[in-house]
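First the structure, in the form of structure tokens, and then the observations on it.
The values are calculated or read from the model by the stated rules, or taken from the named source; none is laboratory data. Quick caveat, the model's predicted, so the values are computed rather than measured. Note: ideal-geometry Cβ built from the backbone for every residue, glycine included; neighbour counts use all protein chains shown. Heavy atoms of the whole protein, side chains included, go into the accessibility calculation; ligands, DNA and RNA do not. Shrake-Rupley method; radii C 1.70, N 1.55, O 1.52, S 1.80 Å.
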Amino acid sequence: MKLTYYGHSCFLIETGGKRLLTDPFITGNSLAKAVDVNSIRFDYILLTHGHPDHVGDLETVMGNNPDAVIIGIWEVHCRYSAKGYKTHPMNKGGWWTFDFGRVKMVNAVHSSSFPDTSFAGEPVGFVLHTADITLYLSGDTALTLDMKLIPMTCPKLDLAILSIGSNFTMNYQDAVIAAQFVECNTIVGCHYDTFGFIEIDHEKAQHAFSEKGMDLVLMSIGETRSF
Ligand code: NI
Ligand code: MN
């Protein structure tokens with residue numbers, strides 16, 4: 001599995017022979033100025049919720065990838081299918097088998113609305129199970145005991161992408177507990193540093209994980225890694 005970071009909560013996950021983009025928000029992120037949003041090619045988008053820092057570039061990237069499918073909760077599907085995009089609706093607790101692997105939509109404790117503040121259903125996370133990897137994408141969430149259900153109901157995780165920036169989501173201290181709840185030792189951080197509310201000390205964050213025998217990977221924007 002290849003993972004490319006485009007800043008904030010936007011990743012390109014290459015797995016199961018397909019390209020999956022998460023929460024496109026690039027042009028509004030001053031840290032991601034070097035990323036060429038128009039060059040991004042993908043087959044699916046995983047949308048965790050409707051907030052502007054997750055859908056800011058959705059229409060731009062879908063315009064460049066008109067055959068791509070948006071995977072989101074029912075209300076996200078309703079909004080974007082009405083705009084003519086291809087969508088796959090899910091809801092929390094459900095699995096679906098796509099051509100790249102299986103996806104489970106899981107709970108996230110946060111809020112959700114579209115940029116015009118209209119109702120966007122509820123925020124979600126995802127578990128992906130492909131031939132290459134089992135991966136948890138937390139989305140924007142508080143630490144929640146529901147995370148303990150993931151190892152009870154999903155294959156063993158290889159990787160967890162956790163929000164760590166505090167103010168709007170878990171801080172890294174809570175994300176250490178989240179990693180213990182989901183039983184995963186390799187963590188990629190997201191939703192930090194983008195704006196003043198969520199700036200973190202990278203060394204302290206990585207130390208908090210290494211103290212518990214876990215590895216926190218903080219990718220550079222534009223960087224690609226294999227997991
Ligand atoms: Ni949010
Ligand atoms: Mn957010």
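Kindly report the accessible area of the chain per residue (heavy atoms of protein chains, probe 1.4 Å, no ligands, DNA or RNA), in Å².
41
Karplus couplings for region 216-222 from phi (6.51 cos²θ - 1.76 cosθ + 1.60, θ = phi - 60°), rounded to Hz, Gly and Pro as x?
3J(HN,Hα) across region 216-222, in whole Hz: 9, 9, 10, 6, 6, 5, x.
Compute the convex hull volume of the Cα atoms of the chain, divide it by the residue count, and report the result per residue in Å³ as a whole number.
Dividing the Cα hull volume of the chain by its residue count gives 106 Å³.
Express the carbon and sulfur contribution to the solvent-accessible surface of region 2-226 as a percent, rounded to the nearest whole number, probe 1.4 angstrom.
In region 2-226, the share of accessible area belonging to carbon and sulfur is 50 percent.
Counting Lys and Arg as +1 and Asp and Glu as -1, what is the net charge of the other residues whose Cβ lies under 11 Å from the Cβ of ILE150?
+1
For the chain, what is the percent of antiparallel DSSP beta bridges, rounded to the nearest 5?
Here the antiparallel bridges make up roughly 55 percent for the chain.
Enumerate by residue number the GluC sites (Glu not before Pro) in region 131-227 meeting two conditions: DSSP loop (anything except H, G, I, E, B), and at most 11 other Cβ atoms within 10 Å of the site's Cβ.
Within region 131-227, the qualifying GluC sites (Glu not before Pro) (loop, at most 11 other Cβ atoms within 10 Å) are GLU211.
Rounded to whole Hz and in sequence order, give me ³J(HN,Hα) for region 3-11 from the Karplus expression 6.51 cos²θ - 1.76 cosθ + 1.60, θ = phi - 60°, writing x for Gly and Pro.
Values, residue by residue: 10, 10, 9, 10, x, 6, 10, 9, 10 Hz.
Only Cα pairs under 8 Å and at least 6 apart count here; give the relative contact order of the chain as a rounded whole percent.
In percent, rounded to a whole number, it is 18.
Summing +1 for each Lys or Arg and -1 for each Asp or Glu, what net charge is found among the other residues whose Cβ lies under 11 Å from the Cβ of THR27?
Summing Lys and Arg as +1 and Asp and Glu as -1 gives -1.
As a test question: what accessible area, to the nearest 10 Å², does LYS148 have when a 1.4 Å probe is rolled over all protein chains in place?
Around 90 Å² of this residue is reachable by solvent.
Would you kindly derive the ³J(HN,Hα) couplings of region 19-25 from the backbone phi angles with the Karplus curve 6.51 cos²θ - 1.76 cosθ + 1.60 (θ = phi - 60°), listing them in order in whole Hz, with x for Gly and Pro?
Along region 19-25, the couplings run 10, 10, 9, 10, 5, x, 8 Hz.
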